[in-house]
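A.B. asks: Please find one structure pasted underneath; my questions will follow.
The values are calculated or read from the model by the stated rules, or taken from the named source; none is laboratory data. What you see is a predicted model; the values in this text were computed from it and never measured. Glycine gets a Cβ as well: all are built from the backbone with ideal geometry, and neighbour counts include every protein chain shown.
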Amino acid sequence: MDVKEAIVTRRSIRKFKETPIDKLILQELLEAARLAPSGTNIQPWRFIAVTSLEMKAKLKECTIGMKFIEQAPLIMVCCADLTAVDKRSERISELVESGAFAGTGIDTILTDSQNKPQRDGAAQLAYVNLNVAIAIEHMILRGVELGLGSCWLMLFRQSKVKELFKLPDTMYVTALVPFGYPDQEPEARPRLPLENIYLGEV
Ligand SMILES: Cc1cc2nc3c(=O)[nH]c(=O)nc-3n(C[C@H](O)[C@H](O)[C@H](O)COP(=O)(O)O)c2cc1C
């Protein structure tokens, strides 16, 4: 399967077979997330794989009516580690050393403390979540290639999920994503036509 086919055939799956997900497949999903790009390479994504019946039942209770997640063999709790931003300088040094910016002049811009982005709490959270979302979609598309269905889920109570997993204040739950072998073949869902989203070429 090529990337285009994964993009075209992916659906939000809300009905799963009981077939468990092999540990090696879980590793493949995590590896797809690990390789995602992120701003100055901060890599703020953190994941908890929930497979036990007990924890899946508890996690279901943290959602707003998303009962279907309980029958997924795996629910990935996808988190943003807000402290990842504090290691920005380290990550930039690694990038500079790896030659990522060679000949571009970007290294001098990034290492100048005057150019450090000034983001308030909300903007910082949005930024970190944006990076985690990219990793999640990597994982979802790799899942499609491996025959797995999944569904983004944001209808849950943040505080309840954090309490369940005893997550510190520096961690934010970006999304829950159930994964499993699809037990349904949904039609493609509606999309806006191209003319609504493409504002043109200049
Ligand atoms: C950020 C995000 C949050 C979502 N939250 C939920 C959710 O809480 N529950 C749910 O059933 N589907 C959720 N979805 C799935 C969307 O409903 C779905 O992607 C959309 O209807 C298009 O259908 P498709 O994914 O099958 O193409 C979410 C999708 C995204 C990208």
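A.B. asks: Could you give every pair whose Cβ atoms fall below 9 Å, whose first residue belongs to region 1-27 and is more than 17 Å from His138 (Cα to Cα) and without any contact (Cβ under 8 Å) to a residue 60 or more places away in the chain, and whose second residue is of a type in the set (S, T, N, Q) and assigned to a helix (DSSP H, G or I), counting only separations of at least 6 or pairs across chains?
C.D. replies: Hits for this filter: Glu18/Gln71.
A.B. asks: Of all residues in region 1-30, which are under 24 Å from Phe68 (Cα atoms) and within 16 Å of the ligand (Cβ to nearest atom)?
C.D. replies: Ala6, Ile7, Val8, Thr9, Arg10, Arg11, Ser12, Ile13, Arg14, Lys15, Phe16 - these are the residues of region 1-30 that are under 24 Å from Phe68 (Cα atoms) and within 16 Å of the ligand (Cβ to nearest atom).
A.B. asks: Moving to a separate point now. Based on this model, can you work out whether Ile48 counts as in contact with a Phe, Trp or Tyr (Cβ under 7 Å, 6 or more places away or on another chain) and in a loop (DSSP other than H, G, I, E, B)?
C.D. replies: Considered against the rule, which asks whether it is in contact with a Phe, Trp or Tyr (Cβ under 7 Å, 6 or more places away or on another chain) and in a loop (DSSP other than H, G, I, E, B), Ile48 comes out as no.
A.B. asks: I would also like to ask the following. Does Ala33 satisfy the criteria of being closer than 22 Å to Gly149 by Cα, within 16 Å of the ligand (Cβ to nearest atom), in contact with a Leu (Cβ under 7 Å, 6 or more places away or on another chain) and part of a helix (DSSP H, G or I)?
C.D. replies: Numbers: closer than 22 Å to Gly149 by Cα: yes; within 16 Å of the ligand (Cβ to nearest atom): yes; in contact with a Leu (Cβ under 7 Å, 6 or more places away or on another chain): no; part of a helix (DSSP H, G or I): yes.
So Ala33 fails the test.
A.B. asks: Could you say which residue among Ile106, Ile75, Ile64 is in contact (Cβ under 8 Å) with a residue 24 or more places away in the chain, among the hydrophobic types (A, V, I, L, M, F, W, C) and more than 20 Å from Phe47 (Cβ to Cβ)?
C.D. replies: Ile64
A.B. asks: So which residues in region 10-24 are surrounded by fewer than 17 Cβ atoms within 10 Å (Cβ to Cβ) and β-branched (Val, Ile, Thr), if there are any at all?
C.D. replies: Once the filter is applied, which keeps residues that are surrounded by fewer than 17 Cβ atoms within 10 Å (Cβ to Cβ) and β-branched (Val, Ile, Thr), region 10-24 yields only Thr19.
A.B. asks: Also, I was wondering about something else. When region 145-170 is examined, which residues are found to be within 11 Å of the ligand (Cβ to nearest atom) and buried (at least 17 other Cβ atoms within 10 Å of the Cβ)?
C.D. replies: Passing the criteria: Gly149, Ser150, Cys151, Leu153, Phe156.
A.B. asks: Now for a different question. Can you tell me which residues in region 118-169 are at pLDDT 95 or above and polar (S, T, N, Q)?
C.D. replies: Result: Asn129, Asn131, Ser150, Gln158, Ser159.
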